[in-house]
Amino acid sequence: MKFIFLDRDGVINKNRSDYVKSWSEFEFLPRSLEALGLLARHGCRVIVITNQSAINRNLVTEAEVQKIHENMTESVAAAGGSIEAVYYCPHAPENGCTCRKPKPGLIHHAQADLEADLSDACVVGDSLKDIQCARLAGCGKAILVRTGHGQEAERLCLEAGIAPDYVADDLMGAVQWLMGESLEGKS
């Protein structure tokens, strides 16, 4: 089974400039629930990896972030999808932790917990940090989506010389490309 690591804000749900601090502020992006359902039907193991510095900034409690993730996971399941686990970094950039993307700590924690084969894994994100994280972790593929911060990230990736394997308009476009890739690989 292929592991798919998804960023949360800007990929699954809408970004907010003031952070998602409660379930009432969480809004699924168009087609993201359908995309998660498609991944489940194809037997993919979906893991969410997300920086949540709002915790360290005292804008939201860790318990509230966990509640948001529980509600997100339940909503995805009700729509036919599946999120196996959520890994998040509560630290601010200046904390220098190993789990804040672009560092690969979240993926390495998931790899250890779930025995993930990273060479066949894919990261889908909306930022340069997500693509860098995929490369640093040794994931087989990295997809940039244009939702969230993705349009700016396209430019930043080009400037940094870090190319995603594919750029999609949204999570559904990323999943459709992935499914096409896996079908081509089976012929």
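Values quoted throughout were computed directly from the atomic coordinates according to the rules given, and no laboratory measurement underlies them. All of these numbers come straight from a predicted model, not from anything done at the bench.
Rg (Å, one decimal) plus Dmax (Å, integer) for the alpha carbons of the chain?
Looking at the chain, its Cα Rg and Dmax stand at 15.2, 51 Å.
For segment 112-155, compute Rg over Rh where Rg is the Cα radius of gyration and Rh is the Kirkwood radius from the inverse mean 1/r over Cα pairs.
Checking Rg against Rh, the ratio lands at 1.04.
If the viscosity is 1.002 mPa s and the temperature 20 °C, what Stokes-Einstein diffusion coefficient in µm²/s follows for segment 20-93 when Rh is the Kirkwood radius over Cα pairs?
Rounded, D is 165 µm²/s.
Across segment 45-56, in residue order, what do the Karplus-derived ³J(HN,Hα) couplings come to in whole Hz, using 6.51 cos²θ - 1.76 cosθ + 1.60 with θ = phi - 60° and x for Gly and Pro?
Taking θ as phi minus 60°, the curve returns 9, 9, 10, 8, 10, 8, 7, 10, 5, 4, 5, 5 Hz for segment 45-56.
For segment 1-62, treating each Cα as an identical point scatterer without solvent, what Debye log10 I(q)/I(0) comes out at q = 0.18, 0.30 1/Å?
Debye output, listed in q order: -0.71, -1.29.
Please list 3J(HN,Hα) in residue order for segment 31-44, calculated via the Karplus relation 6.51 cos²θ - 1.76 cosθ + 1.60 where θ = phi - 60°; whole Hz, with x for glycine and proline.
Using θ = phi - 60°, the values come out as 6, 5, 5, 5, 5, 5, x, 5, 4, 5, 5, 9, x, 7 Hz.
Among the lysines, which have Cα under 21 Å from the Cα of Lys129 when same-chain residues fewer than 8 positions away are ignored?
Lys14, Lys101, Lys103, Lys141
Any idea what log10 I(q)/I(0) is at q = 0.21 Å⁻¹ for segment 69-111, Debye with uniform C-alpha scatterers and no solvent?
Taking Cα atoms of segment 69-111 as identical point scatterers yields -0.73.
Once amide H atoms are built 1.01 Å from N in the peptide plane, which residues 5 or more positions from His91, or in another chain, come under 5 Å H to H?
Gln52
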